Amino acid sequence: MKYTRDLTEVDVGVTGIPFDSATSNCPGARFGPCGIRGASTEVASLDDFPFNFNPFDHLSFEDYGDVWLDYGYPEILVENVEKHADTILKQGIPLLSFGVDHCVNYTLLR
């Protein structure tokens with residue numbers, strides 16, 4: 001999957017939200033987007049998927065990059081996530097996001 005901000009003819013937009021400041025005693029979600037991207041390069045050549053088909057043969061996925069976050073101003077997190085998600089969703093493209101604590105889930109569902 002390549003990184004691009006051009007979502008023309010894309011079936012699914014993928015984005016990362018490297019934030020976990022609203023958790024206690026279990027941080028680490030902020031490393032999710034980078035970790036998933038790194039791990040996906042290791043399994044990209046596998047022919048075996050658990051559902052007996054390769055989803056990349058049926059859908060085009062594009063990595064839109066991470067939501068820009070300023071950790072010095074956590075109060076703008078929700079606004080930044082909404083703007084980022086809206087950029088993708090308003091193009092009629094489903095969004096798949098990785099890495100974030102539970103405080104942002106409601107924002108994405110809205």
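When Gly38 is tested against the conditions (1) modelled with pLDDT under 80; (2) exposed (fewer than 14 other Cβ atoms within 10 Å of the Cβ); (3) not β-branched (Val, Ile, Thr), the lone failure is (1).
Can you name the residue in region 78-110 that is over 14 Å from Gly16 (Cβ atoms) and hydrophobic (A, V, I, L, M, F, W, C) and is also surrounded by the fewest Cβ atoms within 10 Å (Cβ to Cβ) among such residues? The qualifying residue surrounded by the fewest Cβ atoms within 10 Å (Cβ to Cβ) is Leu109. So, Ile76, is that one of a type in the set (Val, Ile, Thr) and assigned to a loop (DSSP other than H, G, I, E, B) or not? For Ile76, the condition - of a type in the set (Val, Ile, Thr) and assigned to a loop (DSSP other than H, G, I, E, B) - is not met.
Among the residues that make up region 11-27, is at least one of them in contact with a Cys (Cβ under 7 Å, 6 or more places away or on another chain) and of a type in the set (A, V, I, L, M)? Yes: one or more hits.
Scan region 41-69 residue by residue and report those that are in a loop (DSSP other than H, G, I, E, B), modelled with pLDDT under 85 and within 19 Å of the chain's Cα centre (by Cα). Walk me through it before giving the result.
Here is the first cut: in region 41-69, the ones in a loop (DSSP other than H, G, I, E, B) are 44-54, 58-60, 67-69.
Imposing the further condition that a residue be modelled with pLDDT under 85 reduces the set to 44-54.
Ala44 - this is the single residue of region 41-69 that is in a loop (DSSP other than H, G, I, E, B), modelled with pLDDT under 85 and within 19 Å of the chain's Cα centre (by Cα).
Close Cβ contacts (under 6 Å, 6 or more residues apart or on different chains) running from residues in region 86-110 that are closer than 16 Å to Val12 by Cβ to residues that are polar (S, T, N, Q) comprise Ser97/Thr15.
The values are calculated or read from the model by the stated rules, or taken from the named source; none is laboratory data. These numbers come from a predicted model, not from an experiment. Here the Cβ is made from the backbone with ideal geometry for all residues, glycine too, and neighbour counts use every protein chain on show.
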